[in-house]
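Throughout, read-outs are computed from the coordinates displayed, never taken from laboratory work. Note that the structure is a prediction, hence the values are computed from the model and not measured. Cβ sites come from the backbone with ideal geometry, for glycine too, and all protein chains shown count toward neighbours.
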Amino acid sequence: MSIQESYERIYGASPVAIQQVPGRVNLIGEHTDYNGGLVLPTAINKSVSVAIGEAADDYYYFTSAIFPDPVRRDLSKIRTGHWSDYPLAAFAWLKAQGGWQKGAEVYIDSDLPHGSGLSSSAALIVAILKAVTELTGPYMTDTEVAKAAQRVENEYLAVPCGIMDQMAVAVARPGQALLLNTETLAFELIELPHAHSFVVAHSGVYRRLDEGRYALRRRECDAAAAALGVKLLCHLTEESAKGLIPKLEQPMRQRARHVWTEHCRVQQAASALRAHELEELGQLMTESHHSMRDDFEISLPVIDEMVDCSRRFGALGARLTGGGFGGCFVSLVETAKVDDWQQRMLQAFPEITFV
Ligand code: GLA
């Protein structure tokens, strides 16, 4: 059934706007986005779709393929811990901007596993903002939509995320990597290779960004930047990074070393991708994982094992991806060998699901 038909079946009327937005996976550049650094995510072939219509009253009604009974919400309280907080917060932002003023009936369809670190929340918010602003105005570029979606998460939902996920899902399409400068938001789209694939696998361990450990890493990075006399860690020059980071106290020294070296690795990875130097790219991905494991301390022993096995079974490189403490890892595998590699990974770790 199409999303239009699902919407009509539930609400008995036609939607006025429909929008589909992909999820993302980050190839390299972790925890650099709130430090003014580079990131290199790509859009994936799984997405979130929304269908929206006007409600007869001032309430917001949300349903989805998994939750077919409408949840009724109003704007008096947004943060309740319910999944509908996310779409509601997007409408709160639209209303505050003088956009959509009435209540709304919303149907959400998604094949993006929620809470898997593939940016289902960023995709959902971007989908609603795009659907509504394309209908009612004002015209917004993809970058403006991404910035608005980040504000929805930061200000209305108190999720302290950076801008990577929103930019990735608003701008990139599957088959393209987005080399993004998170400070200026200047970006370049780089075609992904065909003979090699970035295979995304969920570790089976779930985590949330609002549970405190992500915010703690942000505070540690801010403390390191303050001690080094810069606003953001990626404002350091190569010389000052080399000379000053080793003098920091722990854990700031390790955190700053991860962020700075990761920022440099993204630049090298983008060059390797452009030049089709995939061995080099794989190597950088693995170094990135080690930096997250040892310096930023956001990996888990079971994910370290999965990443090691992935390489033993033939991947050119592998790394944890996303905020950390669970979620997905991404491996660079020769396309012709993906089936065999997946079989071996599943035998070793039956809890893995491929995305
Ligand atoms: C989450 C956040 C992003 C980014 C990554 C880590 O996905 O939403 O802004 O900080 O973690 O790279």
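Taking only Cα atoms and a 10 Å spring cutoff, compute GNM fluctuations for the chain and point out the largest among 69, 33, 109. In this elastic network of the chain, the residue with the biggest mean-square fluctuation among 69, 33, 109 is 69. Our helix-only sum for the chain, with -39,500 (n - 2.57) per DSSP H run of n ≥ 4 divided by its residues, gives a mean residue ellipticity at 222 nm of -12500 deg cm²/dmol. Note on the chain: Rg/Rh from C-alpha atoms, Kirkwood Rh, equals 0.98. Judged by the mean number of other Cβ atoms found within 10 Å, the most tightly packed of the peptides 333-342, 145-154 leads the ranking 145-154, 333-342. Largest GNM mean-square fluctuation among 211, 287, 297, using the chain with Cα springs under 10 Å: 211.
Extension gain, residue 74-residue 139: 0.36 nm per intervening residue step, less the Cα-Cα distance, totals 20.8 nm.
Rounded to the nearest 0.05, the FRET efficiency derived from the C-beta distance between residue 1 and residue 305 at R0 = 56 Å is 0.85. Taken along the Cα-to-beta-carbon direction at a fixed 7 Å, the label points for residue 223 and residue 16 span 5.0 nm.
Overall shape of the stretch 3-191 was characterised from the C-alpha gyration tensor. The equivalent ellipsoid obtained from it has semi-axes of 27, 17, 15 Å, in decreasing order. Rounded to whole numbers, the Karplus 3J(HN,Hα) couplings from phi for the stretch 199-206 are 9, 9, 10, 8, 6, x, 9, 9 Hz, using 6.51 cos²θ - 1.76 cosθ + 1.60 with θ = phi - 60°, and x at Gly and Pro.
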